[in-house]
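Worksheet: the structure to be examined is printed underneath.
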Amino acid sequence: AKCLSTEKVVEFEPFMLFERREKAEMLADLRQALGTDQFFPAYQAVISLADESIVGAEALVRWQRTGHGLVRPDQFLPTAEESGMIGELTEYLLDRVLYDVKTWRAAKLIDDTFKVHLNVTSRELHDLRFADAVRTALRHHDLPATVLVLEITENRLMSGDNLHRYTLLALRKMGVEVFIDDFGTGYSSISYLRQLPVAGAKIDKSLVDDIAVDPTQESFLRAISDLIAACELKCIVEGVETIEQSAKLKAMGFTMVQGFHYARPVDTSGFSELLLQGR
Ligand code: C2E
Ligand code: CA
Ligand code: CA
Ligand code: CA
């Protein structure tokens with residue numbers, strides 16, 4: 001009976017049973033993972049193009065799943081979101097990330113201008129308690145709101161959504177910046193930039209991939225960057241993989257970048273080392 005939907009009759013296939021069992025297992029494992037510290041942040045450096053110094057880091061979640069090894073976010077975040085446990089995961093990561101920042105500050109590995117970026121979903125912005133949870137976490141670690149930047153994927157943002165707006169305004173008032181992630185991949189970008197209280201945009205990798213070889217891509221990227229500048233927003237270009245791309249971006253006037261050309265995401269001790277080396 002479970003294979004019958006009101007829309008259409010779904011033919012039963014053995015792989016469905018397999019997929020469903022996999023998903024149920026993952027869900028059970030995800031729940032357990034939160035209580036047993038199987039999640040951890042990997043940090044990718046945000047680089048200033050002027051002198052190639054590290055000015056911040058993006059925290060990217062990793063799951064050391066018992067019996068499975070390291071699992072990438074794309075493989076478990078959708079399930080974590082569907083099941084409603086993403087909020088708990090975000091709060092867990094926020095705590096870990098702020099703890100790390102506090103440690104790096106104390107060790108003088110970073111200064112007051114260093115910013116740590118955390119990815120959040122539209123679900124968190126919909127949660128009226130989220131802004132308070134962020135405030136509490138910052139206070140708990142005795143850190144100013146200015147150390148934190150939250151990234152939200154553009155296609156999940158709805159400019160007319162009052163709950164999003166409520167949370168975004170509360171965060172802004174607090175001093176936490178919000179960036180629109182994967183900018184340039186959605187199709188409502190312009191209205192978002194103008195209507196939402198955000199501090200910056202992260203230009204998606206797909207807009208950068210061919211800039212060193214395709215003049216059309218360069219014009220497109222320039223148009224996007226002019227748009228961001230016209231809105232007086234900050235901008236980070238992500239997915240920079242080659243020295244050619246990096247040179248081009250610098251010539252075009254971009255100031256902040258991220259990508260494998262500079263640094264891959266690494267765990268806390270790996271990033272501490274990176275900071276120690278001064279990149
Ligand atoms: P994103 O926020 O757009 O993050 C960038 C992704 O591109 C990361 O993949 C990063 O490892 C990868 N990347 C960075 N530089 C380069 C590069 O030069 N070349 C290439 N090919 N890739 C690069 P990752 O860590 O697998 O994360 C995938 C996505 O999962 C993220 O995309 C983000 O949307 C989501 N995600 C990751 N961590 C979190 C988290 O803690 N919370 C939430 N809600 N989402 C997360
Ligand atoms: Ca991101
Ligand atoms: Ca992105
Ligand atoms: Ca992405």
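The values are calculated or read from the model by the stated rules, or taken from the named source; none is laboratory data. These numbers come from a predicted model, not from an experiment. Here the Cβ is made from the backbone with ideal geometry for all residues, glycine too, and neighbour counts use every protein chain on show. When the accessible area is computed, the model is the full protein with side chains, heavy atoms only, and any ligands, DNA or RNA have been set aside. Shrake-Rupley method; radii C 1.70, N 1.55, O 1.52, S 1.80 Å.
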List, in order, the whole-Hz ³J(HN,Hα) value for each residue of the range 164-179 obtained from phi through the Karplus relation with A = 6.51, B = -1.76, C = 1.60 and θ = phi - 60°; use x for Gly and Pro.
4, 4, 4, 5, 4, 5, 4, 5, 4, 4, 6, x, 7, 8, 10, 10
Could you please state, rounded to a whole Å, how far the C-alpha centre of the range 212-279 is from the C-alpha centre of the range 44-97?
19
List the GluC sites (Glu not before Pro) within the range 216-279 that fall in a DSSP loop (any state other than H, G, I, E or B) and whose Cβ has at most 13 other Cβ atoms within 10 Å.
E232
Using DSSP, restrict attention to beta bridges with both residues in the chain and report what percent are antiparallel, rounded to the nearest 5.
40
Of the candidates D132, D204, D51, which one comes out as most mobile in a Gaussian network treatment of the chain with C-alpha springs shorter than 10 Å?
D51
Quick one: accessible surface of F114, probe radius 1.4 Å, all protein chains present, in square angstrom to the nearest 10.
10
Mind telling me which of S53, S191, S206 comes out most flexible in a GNM of the chain, alpha-carbon contacts under 10 Å?
S191
Explain nothing, just compute: Karplus ³J(HN,Hα) = 6.51 cos²θ - 1.76 cosθ + 1.60, θ = phi - 60°, for every residue of the range 148-154 in order, whole Hz, x for Gly and Pro.
9, 10, 9, 10, 10, 5, 4
Using a ≥ b ≥ c from the Cα gyration tensor of the range 131-279 (square roots of the eigenvalues), is it rounded, prolate or oblate, where a/c under 1.5 gives rounded and otherwise the larger of a/b and b/c decides, a/b for prolate?
oblate
Descending packing, highest mean Cβ count within 10 Å first, for 71-82, 94-105 is 94-105, 71-82
Determine, from the Cβ-Cβ distance of E81 and A251 and an R0 of 35 Å, the FRET efficiency 1/(1 + (r/R0)^6), rounded to the nearest 0.05.
0.35
In terms of solvent-accessible area of protein heavy atoms at a 1.4 angstrom probe, what is the ranking of L70, L276, highest value first?
L276, L70
Amide H contacts of L150 (H built 1.01 Å from N, under 5 Å, at least 5 apart or other chain):
L118, E177, V178, F179
Quick one: dipole size for the chain, taken about the Cα centre, charges +1 on Lys/Arg Cβ and -1 on Asp/Glu Cβ, in debye to the nearest 20.
660
Computed FRET value (nearest 0.05) for H140 with Q64, which takes r as the C-beta separation and R₀ as 25 Å
0.50
Just to be sure I understand: with springs between alpha-carbon atoms less than 10 Å apart, which residue in L27, L150, L249 has the highest mean-square fluctuation in the Gaussian network model of the chain?
L27
